[in-house]
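Below: one structure, written as structure tokens.
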Amino acid sequence: MRFVGVLAWLLAFVAQPALAEIPAQLQSLEQRLAVLATENPGEYGIAALDLRSGAMVGFNGDRPFPMASTMKIAVAAVYLSQVDAGRRSLDDAIGGSTAATLLDSMITRSDNRATDLLIASLGGPAVIDGWLRGHQLAGIRVDRTIAQLLGDRRDLSDIRDSSTPAAMLGLLRLIDSGDALSPASRWLLLDMMRRCATGSNRIRGLLPPGAGVEHKTGTLNGYTGDVGFLTLPDGRRIAVVFFARGGSNRPAVISTAARAIYDAFGAEERLEGLQGLQGRVAQAASGDAAGAGLPQIQPSATACALGGRAVAAQC
């Protein structure tokens, strides 16, 4: 159920950062995420990828979950890629509005009507799915419009319109890399995700004030999702995926997991910096004095401290 290091799906990525051996603090993070997911009611899929180093952690990373409205990221990416190709414009009139207005409503407010108008203008769900296939993204699929999805009998195990956490990481990495979108289109999509107004109690819920987040939520009866990017204080970007079905405290589990990921990846960078400093001091000094007076890193807050009563995380 858990996955660490090199996965088969990464082989399809172009210019993917090499995956280094997982540091001890990230191994500890993965263990905490597993405990958090298994100690709470429901089923969770969690994945996080350092887009600079390739370090990755996850739980249930290859298990399909509904995407719900997180699939709207793919709709936006397909439309913007056609803008980049000169086939469409952000000023195109669609359903009495402009494409730019519909895209903004779809991502920032999760507007279902705007989504279906954009899907129809592109030629239907098969076009979105074909774009994913064209970029060698496996484990993620788009089969229906939002109206069709909501009109069908609800089945949270339906393989249609689903993604594994690993596959959604692939889509996020593709968008962030610039391989699929021009710099202007990438900036526009990330800006809309930054202004996402839904799900403030999920990824954003327990992060420090001012933490950089670009995300898109998804919600169905019995299902909660949130996917996107965290920007750490040192500028590194972490792609994150949280899918949850069943249970009663899904947003609390997601927010706790997001904070644990934010802290652990940040602590990894601080530890690397300290180790580099120690090495330089050791080269410049001799004897037992080498490294004397170096600052000590204090452990970051984790899921253990942040869960509260709503989240029964055990560490």
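A few notes on this one:
- Residues satisfying the stated conditions in the range 88-106, i.e. closer than 16 Å to Ala184 by Cα and surrounded by fewer than 23 Cβ atoms within 10 Å (Cβ to Cβ): Arg88, Ser89, Leu90, Asp91, Ala100, Asp104
- Per the listing Phe229, Phe265, the residue uniquely in a strand (DSSP E or B), modelled with pLDDT of 50 or more, of a type in the set (A, V, I, L, M, F, W, C) and in contact with a helix residue (DSSP H, G or I) (Cβ under 9 Å, 6 or more places away or on another chain) is Phe229.
- Among the residues of the range 107-124, none is identified as acidic (Asp, Glu) and either touching a His at 6+ places or on another chain (Cβ under 9 Å) or surrounded by fewer than 17 Cβ atoms within 10 Å (Cβ to Cβ) (or both).
- Verdict on Ala180 being hydrophobic (A, V, I, L, M, F, W, C), in a loop (DSSP other than H, G, I, E, B) and over 26 Å from Thr256 (Cα atoms): yes
- Ser200 fulfils the conditions (1) over 30 Å from Arg87 (Cα atoms); (2) surrounded by 22 or more Cβ atoms within 10 Å (Cβ to Cβ) except for a single criterion, (2).
- Scanning the range 32-73 for residues that are out of contact with any strand residue (DSSP E or B) (no Cβ under 8 Å at 6 or more places or on another chain) and either more than 21 Å from Leu232 (Cβ to Cβ) or among the β-branched types (Val, Ile, Thr) (or both) yields Val35, Thr38, Glu39, Asn40, Pro41, Asp62.
- Of note, Leu181 does not satisfy the criterion of being over 17 Å from Ala74 (Cα atoms) and touching a residue at least 12 places away in the same chain (Cβ under 8 Å).
- Selection count, the range 84-106, where residues are in a loop (DSSP other than H, G, I, E, B) and either in contact with a strand residue (DSSP E or B) (Cβ under 8 Å, 6 or more places away or on another chain) or not hydroxyl-bearing (Ser, Thr, Tyr) (or both): 9
- The range 184-211, residues that are among the charged types (D, E, K, R), without any contact (Cβ under 8 Å) to a residue 60 or more places away in the chain and not in a helix (DSSP H, G or I): Arg202, Arg204
- Within the range 145-170, the set of residues being crowded, with 16+ Cβ neighbours inside 10 Å and closer than 18 Å to Leu103 by Cα comprises Thr145, Ile146.
- As a summary of the residue check, Ala48 satisfies the conditions (1) modelled with pLDDT of 95 or more; (2) more than 16 Å from the chain's Cα centre (by Cα) except for the one numbered (2).
- Residue in the range 42-50 that is farther than 22 Å from Asp176 by Cα and surrounded by fewer than 23 Cβ atoms within 10 Å (Cβ to Cβ) present: yes
- Extreme residue, nearest to Tyr44 (Cα to Cα), among residues of the range 210-264 that are among the basic types (Lys, Arg) and touching a Leu at 6+ places or on another chain (Cβ under 8 Å): Arg245
- Selection status of Ser81, out of contact with any Gly (no Cβ under 7 Å at 6 or more places or on another chain) and either surrounded by fewer than 24 Cβ atoms within 10 Å (Cβ to Cβ) or assigned to a helix (DSSP H, G or I) (or both): yes
- Filtering the range 42-54 to residues that are over 16 Å from Ser255 (Cβ atoms) and in a loop (DSSP other than H, G, I, E, B) leaves Leu51, Arg52, Ser53, Gly54.
- Being touching a residue at least 12 places away in the same chain (Cβ under 8 Å) and closer than 16 Å to Lys216 by Cβ is a property that Pro165 has.
- Any hit, the range 64-74, residues being surrounded by 18 or more Cβ atoms within 10 Å (Cβ to Cβ), in contact (Cβ under 8 Å) with a residue 24 or more places away in the chain, part of a loop (DSSP other than H, G, I, E, B) and of a type in the set (A, V, I, L, M, F, W, C): yes
- Sole exception among (1) of a type outside the set (Gly, Ala, Ser); (2) at pLDDT below 95; (3) part of a helix (DSSP H, G or I) for Val14, by number: (3)
The values are calculated or read from the model by the stated rules, or taken from the named source; none is laboratory data. Quantities reported herein were computed from a predicted structural model and do not represent experimental measurements. With ideal geometry, Cβ positions are generated from the backbone for all residues, glycine too; neighbour counts draw on all protein chains shown.
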